[in-house]
Structure formats: C-alpha cells, structure tokens
Amino acid sequence: MNKWSELLAGLILVLVPIILAWLSGPGGPWMAGGISFNFWHAAWEFLKGGVFWLVVIVGVLFILLGISDLKS
C-alpha cells in the first residue's frame, strides 16, 4: 500500500469506532434481541481489564527483579 492509502485506512480505523461509540453511548444504547450494543461500556471494560493486567505484570516483573537481586 502506498502512504496515502495507509493514512486513509488508519484514519478510517480510528474514526469509525469513535463514531460508533458516540452514537451508541449512554444517551440511547442500541438494542437488538434484548442485547445492548453500548460500545462505550465495552471500551471502558476493555480499558479497565488492560490496566488491571498491566499492574499485575509490573508486579510480577518487580518480584522477578527482586528474586534476581537476592541471588547476586
């Protein structure tokens, strides 16, 4: 792909989810078959999970560094 098609594809991949999340926000979530398609909520849950796992991984890293320092 050339640079312009890459920029256009990247712009689409950034803007479309933001627009979908905005349209399905707390003001009126989309419903189909009793299932809510509130993309803001899904994004927030994903972010919270990412922060949780980041903290756990950093904790494990510090434990491994501490054990390594105890050995030497």
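The values are calculated or read from the model by the stated rules, or taken from the named source; none is laboratory data. Note that this is a predicted model, so its numbers are computed, not measured. Heads up, the Cβs are rebuilt from the backbone with ideal geometry, glycines too, and the neighbour counts pull from every protein chain shown.
Values as computed for the structure displayed
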| quantity | calculated |
| --- | --- |
| Cβ pairs under 9 Å, 6+ apart, first in segment 1-26 and within 23 Å of His41 (Cα to Cα) and at pLDDT below 85, second surrounded by 11 or more Cβ atoms within 10 Å (Cβ to Cβ) and hydroxyl-bearing (Ser, Thr, Tyr) | Ser24/Ser36 |
| Filter pass, Leu47 being more than 18 Å from the chain's Cα centre (by Cα) and surrounded by 10 or more Cβ atoms within 10 Å (Cβ to Cβ) | no |
